[in-house]
Each structure stands twice: as C-alpha cells, then as structure tokens.
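> First the structure, then my questions, so here it is.
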Amino acid sequence: MIENSELNWPRDTAGYDIEEAPNARSEIKMLRRGMYMDGDICIVPRGGRIDDYDPLKIDGLYRQLAESDLTPEGALQFVSTFGIPIRSAIEDRRYPLHDFLEAVFLMRLVLSHASAEVWGEFARVVTGAVDSRFRGGRIEAHIALRARNDGERPDVVLHPNDLWSAIWLQLATDITAGANLRSCAQCGIWFKYGPGTGRRSTAVYCSPKCQSADAYAKRKAAAK
C-alpha cells in the first residue's frame, strides 16, 4: 500500500461481459506499438450493485496488468477483478478492448526496462505515458489535505484520478523505492515482502489463509 494515497473505485458486483458490434471482426492484428482488436469490441458492465474499494491497498496491480492474457478473456478477468479502469469508459458503460491490450503492452515494456535496470528508458517511457494521452487513458492525480485531530497539522493525500493512474503511481513508487514483490504460491497474487511489510523475506504466501489452503491441498493430495 502507498502511504498517503487513496482512491475509491467502483466495481460491478454482477460482473462484466464482452460485447461486439454486429459488424465487428474478432481477428487480432499486430501493429508497431503492439496488438489491437479490430472492430468495435468492448467490455460492458452487467448493471449490478456497485462496490467501492481502494485499489491502492492491493500490492502489485501493475504486475497483474502486465501478466494479463492478450485475449478478450484476459481483459475480462482483469476488469472483473478490479473494475473498468477509466472514468470516461465507466460513464460510457463501454471499455474498448484495444485500449486494454495497448496498456498491457506498455506496462510490459516498462517492466522489461526496470528488470534490465535500463533506468533512462524506464523513466522516458513512464514520463511519456504520464505526459501524453495513450489510448489506455491519461495518468492524472490531485493533492488534497486530510484533517487529523484538532491541534494537529493535516496530512497531504494524493488522489489518483482513476484506476490507471493508481496503477502507474504504484509502479513508480515501488520501482523507485526498490520494493520487493513475489507471486503467492497459492493464489498467484503479488505481495510485498521484507522489512516494513510484515512478511519475512522467505515468505511465499500472501496471507495465512493461502498458507493454510496450500497445506490442506497438499495433505489431501498425499492422502490419495
């Protein structure tokens, strides 16, 4: 979780669907910047109850994005878990699939630069994503003050404008701080480990629940 940053973001509890226009073509074509889905293919909400949550309390959002399958099913899984990532698409009730695919390619590129410690290119691509509009959505945030107890100075709080902005804020904060992340051996969710995280450097599970579930699965398999 990023300190002094927060975002209330909506998810449709009924889930989401893939919707194609009558003349849509479902072939995937390769372009210079990556892949896109030809035709009018979008992810749409089912219209259930809206659940608000804070995505910045979840570690490794950018890893989840980068590991998404470049398929309609991969995009649908991400959106069903975290919600439609852009405000304008929520208002339109239609999130174009090609926007998601472009965002995955861009995040994979950024993480490849970070992995290779090519920091000049990493900074250039991230700054370019922040300063210019790519189809995934503009990256924006605003600063607010949060009141504390009477007689105490208020806290400065950074509010990302939408889920995409939160993901990029989390990426920049983790990479520049050298945060350690690992994929849970049970559920696959990314989590932080090491000093200050409450998890030892040898931790392989994101929570005691996942540790217990894995142990139960192993006992059950051994009993067969």
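The values are calculated or read from the model by the stated rules, or taken from the named source; none is laboratory data. All values reported here derive from a predicted model rather than from experimental measurement. A quick note on method: Cβ atoms are made from the backbone with ideal geometry, for glycine too, and the neighbour counts reach across all protein chains shown. These area figures cover heavy atoms from the full protein model, side chains too; ligands, DNA and RNA do not enter into them. Shrake-Rupley method; radii C 1.70, N 1.55, O 1.52, S 1.80 Å.
> Can you spot a residue in the range 156-173 that is at pLDDT 80 or above and over 18 Å from residue 7 (Cα atoms)?
No, every residue in the range 156-173 fails to be at pLDDT 80 or above and over 18 Å from residue 7 (Cα atoms).
> Could you check how many residues of the range 87-106 are of a type in the set (A, V, I, L, M) and surrounded by fewer than 20 Cβ atoms within 10 Å (Cβ to Cβ)?
Of the residues in that region, 1 qualify.
> Please go through the range 103-142 and give me each residue that is among the charged types (D, E, K, R) and at pLDDT 85 or above, ordered by number.
Correct list: 108, 117, 121, 124.
> When the range 83-108 is examined, which residues are found to be of a type in the set (Ser, Thr, Tyr) and farther than 11 Å from residue 43 by Cα?
If the condition is that a residue be of a type in the set (Ser, Thr, Tyr) and farther than 11 Å from residue 43 by Cα, then 88 is the only one that fits.
> Would you check if residue 172 is among the aliphatic types (A, V, I, L, M), over 15 Å from the mean Cα position of the chain (by Cα) and farther than 28 Å from residue 48 by Cβ?
no
> Looking at 84, 58, which one is within 28 Å of residue 4 (Cβ to Cβ), open to solvent by 40 Å² or more (accessible area, probe 1.4 Å) and aliphatic (A, V, I, L, M)?
58
> Return the total of residues in the range 166-197 being out of contact with any helix residue (DSSP H, G or I) (no Cβ under 7 Å at 6 or more places or on another chain) and of a type outside the set (Phe, Trp, Tyr).
Selection size over the range 166-197: 17.
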